[in-house]
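**Student:** Quick one: the structure is below, and I'll ask about it shortly.
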Amino acid sequence: KQEVTQIPAALSVPEGENLVLNCSFTDSAIYNLQWFRQDPGKGLTSLLLIQSSQREQTSGRLNASLDKSSGRSTLYIAASQPGDSATYLCAVKVISGFGNEKLTFGTGTRLTIIP
Amino acid sequence: SQTIHQWPATLVQPVGSPLSLECTVEGTSNPNLYWYRQAAGRGLQLLFYSVGIGQISSEVPQNLSASRPQDRQFILSSKKLLLSDSGFYLCALYRGLGEETQYFGPGTRLLVL
């Protein structure tokens, strides 16, 4: 059974610092890995998606890496801003048959950027 | 682009009462639809998914059920709510057709008292 772990559970950093969020998964047979952002009381917004054959994806100040063999992914946020404060979730996708596509989520890292 | 609607946004229900949460989708056809629950301090738990009208797969045995009466409608139900059913319920979709991103609705917060 796939399990996804995110460490740390919570993180507070001063504005302007670079930071790294970690995600690990137990079964390397994934189709892709996705990072989401969730603001309090809201739904999830997709940030970056890395296919299993890729090593990293970048979008603006965000960079996500994937090491499938070791079951790890990191989300790097450069020059953090107060607006980056949110919970960040990673999820791995597994396909086990036609139409049987599922995401397994980590418990998230709650990030607070201190002005 | 697709839009996911969920209602109600917030719901407070007594233990033992029935439940019906609705998710409707606009801007796409024949999506895979998903119901997740997010309990306090826990990750998202996949409850049900559907690849088409009338097709429901259950991930976790419990007192909840799901139905898909129309291509763009996904309903989560219960005959008798438990305290443990409290949580944040999210509807999501995959459009398929080579696109990999999963899109989420705004969620329904359910409090069972």
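**Student:** At B:Ser58 and A:Asp39, where each label point lies 7 Å from the Cα along Cα→Cβ, what is the point-to-point distance in nanometres?
**Tutor:** In this crude label model, B:Ser58 to A:Asp39 measures out at 3.6 nm.
**Student:** Report in % the part of the accessible area of the range B:2-113 that belongs to carbon and sulfur, leaving out ligands and nucleic acids; probe 1.4 Å. Write out the running numbers ahead of the final one.
**Tutor:** Numbers: 2780 of 5030 Å².
The computed percentage sits at 55.
**Student:** Roughly what percent of Cα-Cα pairs across the range A:11-75 reach past 21 Å?
**Tutor:** Details: 591 of 2080 pairs.
The calculated P(r) of the range A:11-75 puts 28 percent of pairs beyond 21 Å.
**Student:** Are there any residues in the range B:36-84 with a reduction of at least 30 Å² in accessible surface when going from the isolated chain to the assembly of protein chains? Probe 1.4 Å, please list them by number.
**Tutor:** Those are B:Tyr36, B:Gln38, B:Gly43, B:Leu44, B:Tyr49, which lose 30 Å² or more relative to the chain on its own.
**Student:** Something else: If you take every residue apart from A:Ser70 with its C-beta less than 14 Å away from the C-beta of A:Ser70, what net charge results, scoring Lys and Arg +1 and Asp and Glu -1?
**Tutor:** After counting each charged neighbour, the total is +1.
**Student:** Longest span of chain B, sites excluded, free of trypsin sites (Lys or Arg not before Pro) in DSSP loop with at most 11 other C-beta atoms within 10 Å?
**Tutor:** Working: sites that count: B:Lys79, B:Lys80.
The longest such stretch corresponds to B:1-78.
**Student:** Just want to confirm a number: the relative contact order over the range B:8-113, from Cα pairs under 8 angstrom separated by 6+ residues, in percent.
**Tutor:** Working: 246 pairs, mean separation 38.5, N = 106.
That works out to 36 percent.
**Student:** Nearest 100 Å² is fine: how much accessible area is buried between B and A, summed over both sides, with a 1.4 Å probe? Mind showing how you got there, number by number?
**Tutor:** Working: alone 5960 and 6330 Å², together 10700 Å².
The summed interface area works out to 1600 Å².
**Student:** For A:Val13 and A:Arg61 in the same chain, what is the full-extension length gain: residue separation times 0.36 nm, less their Cα-Cα distance, in nm?
**Tutor:** On the way: separation 48, 0.36 × 48 = 17.28 nm, distance 1.59 nm.
Gain on extension, A:Val13 to A:Arg61, equals 15.7 nm.
**Student:** Sum up the charges of everything whose Cβ sits under 12 Å from the Cβ of B:Tyr89, counting Lys and Arg as +1 and Asp and Glu as -1, but leave B:Tyr89 out. Working shown, then result.
**Tutor:** On the way: positive: B:Arg37, B:Arg109; negative: B:Glu22, B:Asp85.
With Lys, Arg at +1 and Asp, Glu at -1, the net is 0.
**Student:** Now, a different point. When chain A is modelled as a GNM with alpha-carbon springs shorter than 10 Å, which of A:Asn22, A:Asn63, A:Asn100 fluctuates the most?
**Tutor:** A:Asn100
**Student:** Chymotrypsin sites (Phe, Trp or Tyr not before Pro) within the range A:68-115: which are DSSP loop residues with at most 13 other Cβ atoms inside 10 Å?
**Tutor:** Working: sites: A:Tyr76, A:Tyr88, A:Phe98, A:Phe105; in loops: A:Phe98.
Answer in residue order: A:Phe98.
**Student:** If you take every DSSP beta bridge fully contained in chain B, what fraction is antiparallel? Give it as a percent rounded to 5.
**Tutor:** Details: 39 of 43 bridges.
Here the share of antiparallel DSSP bridges comes out near 90 percent.
**Student:** Loop only per DSSP, at most 15 neighbouring Cβ atoms within 10 Å: give me the GluC sites (Glu not before Pro) in the range A:1-65, ordered by residue number. Kindly include the intermediate steps, with their values, before the conclusion.
**Tutor:** Values: sites: A:Glu3, A:Glu15, A:Glu17, A:Glu56; in loops: A:Glu3, A:Glu15, A:Glu17.
Sparse-neighbourhood loop GluC sites (Glu not before Pro): A:Glu3, A:Glu15, A:Glu17.
**Student:** Within the range A:40-91, which trypsin sites (Lys or Arg not before Pro) sit in a loop by DSSP and count at most 12 neighbouring Cβ atoms inside 10 Å?
**Tutor:** A:Arg55
The values are calculated or read from the model by the stated rules, or taken from the named source; none is laboratory data. Small disclaimer: the values here were computed from a predicted structure and weren't measured. Glycine also receives a Cβ, built like all others from the backbone with ideal geometry; neighbour counts cover every protein chain displayed. Ligands, DNA and RNA are excluded from the accessible area calculation, which covers all protein heavy atoms including side chains. Shrake-Rupley method; radii C 1.70, N 1.55, O 1.52, S 1.80 Å.
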